[in-house]
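What follows is one structure encoded as structure tokens, with my remarks underneath.
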Amino acid sequence: MTPGNMFKIGFSPTKSVFQVEFDTALEIKESTEADVYIGEYTLTPETTDQVLLTKEKLLKENVTVKAVPKQIVDNPAGGQTVTIGG
């Protein structure tokens, strides 16, 4: 048998079904050199940039970014005042 001729192929009048299912998989080998992220996993937006130092690190849980804080209060003019971020 020469390379490229590895399979014996034949034809038959019967119908054959070969069912295959694929799923997404992620493999992390134990020999990896990546450090585990140690830090906050939940943060509230601020008026300045925030950086979580996660580059090339393994995370043990999801990162959650909370909603922007806001307050709604009645004002003397009969309407409402919305304060966002504070």
Tell me, what HN-Hα J-couplings in whole Hz come from the Karplus equation 6.51 cos²θ - 1.76 cosθ + 1.60 at θ = phi - 60° for each residue of segment 52-69, using x for Gly and Pro? 9, 7, 10, 4, 6, 10, 8, 9, 8, 8, 6, 8, 10, 9, 5, 5, 5, x
14 Å Cα-Cα reach of residue 70 towards aspartates and glutamates, excluding residues that sit fewer than 8 places from it in its own chain: 46
In segment 33-76, what trypsin sites (Lys or Arg not before Pro) fall in a loop by DSSP, with at most 11 other Cβ atoms inside 10 Å? 55, 60, 66
Size of electric dipole in segment 31-80: Cβ of Lys, Arg +1 and of Asp, Glu -1, about Cα centre, debye, nearest 20: 140 debye
Under the rule of at least 5 residues apart or a separate chain, name every residue whose amide H is placed under 5 Å from the amide H of residue 57. none
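Computed from the coordinates by the stated procedures, all read-outs in this text should not be read as laboratory data. No experiment lies behind these values; they were computed from the predicted model shown. All Cβ positions, glycine included, derive from the backbone under ideal geometry; neighbour counts span all protein chains shown.
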